[in-house]
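Nothing in this text is a laboratory measurement; each read-out follows from the coordinates by a stated rule. Because the structure is predicted, anything quoted here is derived from the model rather than measured.
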Amino acid sequence: MSIFGSIWEKITGHAKAETPATGTTGTTAAPQGDRPASAPGTAKGAAPGATPAAMQVVDVSAVLDGLARENPQKLDWRHSIVDLMKLLSLDSSQTARRTLAQELHYTGDAGDSAAMNIWLHRQVMVKLAENGGKVPEDLRQ
């Protein structure tokens, strides 16, 4: 599975887990099961064969804020791709981030990790929104 696919699955998995217990995750469409994450280059980042009406809508902020409250570390997922990946228990190493950058078609200098990380964070937020995630506008700019 792609790194972005892992990010999407972790977020939607937590949203599904919270739905029966609390009913407050922001999931507004019927769950689509374990639908594969989008492949880069698909229309609007949607999963192959998915239609906009069939997309699962997940409140990304609510899920990640909930995970952050439960995490003993102070992780700033709203500004840091490293913290976002740590919050989701994913490999946040430079190698993993470079792989994610390749998946998302980063054209900048991969040696400039600060610029790449800023781009990655924004791009991941955009892709989450394209796949049915409810992401605040300020995180997609």
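Straight-distance candidates among the aspartates and glutamates for linking to K74, with alpha-carbon spacing under 16 Å and chain neighbours fewer than 8 residues away dropped: D65, D83. Its residue count N sets the reference 2.2 N^0.38 Å, and the alpha-carbon radius of gyration of the stretch 67-141 equals 1.08 times that reference. Check the straight Cα-Cα distances from K127 and name the aspartates and glutamates below 17 Å, setting aside those fewer than 8 residues away within the same chain. The reachable aspartates and glutamates, counting only those whose Cα sits under 17 Å from K127, are E9, D59, E103, E137, D138.
A simple rule links phi to the HN-Hα coupling: the Karplus curve 6.51 cos²θ - 1.76 cosθ + 1.60 with θ = phi - 60°, which for the stretch 89-95 gives 6, 10, 4, 10, 4, 4, 4 Hz, with x for Gly and Pro.
Between R122 and D138, residue separation times 0.36 nm minus the direct Cα-Cα distance comes to 4.8 nm. Amide hydrogen proximity for G133: with H placed 1.01 Å from N in the peptide plane, the residues at 5 or more positions away or on another chain lying under 5 Å are V58.
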